[in-house]
1. If a residue has to be touching a helix residue (DSSP H, G or I) at 6+ places or on another chain (Cβ under 9 Å) and surrounded by fewer than 15 Cβ atoms within 10 Å (Cβ to Cβ) to count, how many in the range 89-99 make the cut?
2. With the checklist (1) in contact with a helix residue (DSSP H, G or I) (Cβ under 7 Å, 6 or more places away or on another chain); (2) within 16 Å of ligand 2 (Cβ to nearest atom); (3) modelled with pLDDT of 95 or more in hand, flag the one item G2 doesn't pass.
3. State the number of residues belonging to the range 90-110 that are closer than 13 Å to A52 by Cα and more than 16 Å from ligand 2 (Cβ to nearest atom).
4. Being over 30 Å from A108 (Cβ atoms) and within 14 Å of the chain's Cα centre (by Cα) is the filter; apply it to the range 24-58 and report the residue that is farthest from ligand 2 (Cβ to nearest atom).
5. Need a quick list: strands (runs of 3 or more DSSP E) entirely within the range 32-114 having at least 2 residues that are at pLDDT 95 or above and in contact with a Cys (Cβ under 8 Å, 6 or more places away or on another chain).
6. Pick from the range 12-23 the residues that are without any contact (Cβ under 8 Å) to a residue 40 or more places away in the chain and either assigned to a strand (DSSP E or B) or within 11 Å of ligand 1 (Cβ to nearest atom) (or both): which of them is surrounded by the most Cβ atoms within 10 Å (Cβ to Cβ)?
Amino acid sequence: MGSDCVFCKIVDGRIPAKRIAEDELYLCFADLNAQAPTHVLLVPKQHIASLAEIAPEQTELLGYLMAKAAEVAREAGLAKGYRVVINTGVDGGQTVDHLHLHLLGGRAMHWPPG
Ligand code: 5GP
Ligand code: ZN
């Protein structure tokens, strides 16, 4: 789990990443394969596999991550808007099994997503 997880490795510095913001609960870093002018990921420092694995006592942490996404968006100057996405499971397109919020902005988004 944690020791093999790419995002756990980024959290503890074993894999380098462009770190944007962090505190004791979360890390925000640039996505390696940006899909928009601003594309960052927010992850809890604690390993949680996906949104589907959220325990009742972790709902506050989820809200915290959402609020931090809005804060990072503000600091990135995304005044015209942005999108926050949590891909979950195989059909959701999740490729890294450590809960992460995508924050995308800097261009108009399409709807529906693919
Ligand atoms: P998912 O498809 O699971 O929702 O998103 C995983 C995201 O993590 C992808 O957008 C991918 O580009 C990004 N990613 C995967 N490995 C790395 C990495 O080692 N470093 C960084 N910065 N991003 C990564
Ligand atoms: Zn992890």
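The values are calculated or read from the model by the stated rules, or taken from the named source; none is laboratory data. As the structure is a prediction and not an experimental result, all values here were calculated from the model. When we count neighbours, we look across all protein chains shown, and the Cβ atoms used for this are built from the backbone with ideal geometry, even at glycine.
1. Residues that pass the stated criteria total 2.
2. (3)
3. So the answer is 3.
4. L25
5. Answer list for the range 32-114: 38-44.
6. In this case the residue turns out to be A17.
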